[in-house]
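One structure is given here, and the rest of the page talks about it.
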Amino acid sequence: MIGDLKLTALKARLARMSVHTEFAGEGVLLCRNENDDPTTDEVVAVRKRADGKVELEGSVTSVYYTVRKGIYELHALVAT
């Protein structure tokens with residue numbers, strides 16, 4: 001993946017994809033589908049580490065794949 005992920009850009013992209021997002025501290029974006037109950041465990045955390053790497057953490061649900069797709073759309077992918 002080529003590019004530097006900006007969490008604010010990801011937040012805007014996910015809003016257009018019907019994903020509710022909120023910042024939870026420095027470098028962490030919490031994501032869930034807009035129609036999901038906030039008490040469910042279908043929450044995905046996107047963490048941007050100090051070295052620029054991005055971690056996607058959470059249960060493998062539809063919101064996980066939606067967030068992953070949003071991240072991929074903000075980067076250029078290079079096959080090695």
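The values are calculated or read from the model by the stated rules, or taken from the named source; none is laboratory data. Everything numeric in this text was worked out from a predicted model, so none of it was measured. Glycine also receives a Cβ, built like all others from the backbone with ideal geometry; neighbour counts cover every protein chain displayed. Heavy atoms of the whole protein, side chains included, go into the accessibility calculation; ligands, DNA and RNA do not. Shrake-Rupley method; radii C 1.70, N 1.55, O 1.52, S 1.80 Å.
Could you tell me what percent of the accessible area of the chain is made up of carbon and sulfur, with a 1.4 Å probe and every protein chain present?
Of all accessible area on the chain, carbon and sulfur atoms account for 50 percent.
Let me know the volume per residue of the alpha-carbon convex hull for the chain, in Å³.
Cα-based convex hull of the chain, divided per residue, equals 91 Å³.
How large is the accessible surface per residue of the chain, computed with a 1.4 Å probe and reported in Å² as a whole number?
Spelled out: the 1.4 Å probe surface of the chain, per residue, equals 64 Å².
How many nm separate the modelled label positions at residue 65 and residue 49, each set 7 Å beyond the Cα in the direction of the Cβ?
2.7
About its Cα centre, how strong a charge dipole does the chain have in debye, to the nearest 20, once Lys and Arg get +1 and Asp and Glu get -1 at the Cβ?
Magnitude of the dipole: close to 360 debye.
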